[in-house]
Amino acid sequence: MDPAEFDLKRNLLIRAKHGSDLVQFITELAEDRGITAAVFTAIGAIKHAKLGFYDQEKHKYHEIIVDSPHEIASCIGNVSLKDGKPFVHAHAVLAGEDGNTKAGHLIEAIVFAAEIHLRELKGVKLERKYDEETTLSLWR
């Protein structure tokens, strides 16, 4: 795949609502603002979360449940279109009170406090389509 070129359109800084799901919050932000391509980072803390690890042989996600408060040590992701709607793809590293971490594909994270920096991109249509080789929805 050749790289797609984008210009920076808007920079948004926003605090996620306490008790919201971080992934859903960013999805709704993109929907409300008409954002179809973006990259973002987030920092803060979560009450609990659900991470995923993709089994490349079985072509399915294994869930990793994080049932206690954790710091968001790192969260990066992007927004593109899937089935014509904004779709958030994010990965996170979460740190417990002992400093041990859990990381993976971010499925869900219930926010204690989180700050998001979203950079909207302007350029070609960035859309996800089913990929037979991986069984994932990847950029086309």
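The values are calculated or read from the model by the stated rules, or taken from the named source; none is laboratory data. Computed from a prediction, not measured in an experiment: that's the story for all the values here. So basically every Cβ, Gly included, is an ideal-geometry build from the backbone, and we count neighbours across all protein chains shown. Accessible surface areas use protein heavy atoms only, side chains included; no ligands, DNA or RNA. Shrake-Rupley method; radii C 1.70, N 1.55, O 1.52, S 1.80 Å.
Taking all protein chains together and a 1.4 Å probe, the residues His105, His117, His91 rank His91, His117, His105 from largest to smallest accessible area. Over all other residues within a Cβ to Cβ distance under 11 Å of Lys9, the charged ones net out to +2, with Lys and Arg as +1 and Asp and Glu as -1.
Comparing Lys82, Lys47, Lys129 in a Gaussian network model of the chain (Cα springs below 10 Å), the most mobile by mean-square fluctuation is Lys129. The mean sequence separation of alpha-carbon pairs under 8 Å and at least six residues apart, normalised by the residue count of the chain, gives a relative contact order of 36 percent. Recomputing Cα extents along the principal axes in Å from the coordinates shown identifies the correct label among (i) 43, 39, 21; (ii) 44, 33, 29; (iii) 57, 27, 19 as (i). Excluding the site residues themselves, the longest part of the chain lacking any GluC sites (Glu not before Pro) in a DSSP loop with at most 14 other Cβ atoms within 10 Å is 6-56. Each part gets one Cα centre, and for the range 17-41 versus the range 56-107 those centres are 15 Å apart. Taking the inverse of the mean 1/r over every pair of distinct Cα atoms in the range 67-140 gives a Kirkwood hydrodynamic radius of 14.3 Å.
In a reduced charge model with +1 at each Lys and Arg Cβ and -1 at each Asp and Glu Cβ, the range 1-105 shows a dipole moment near 260 debye about its Cα centre.
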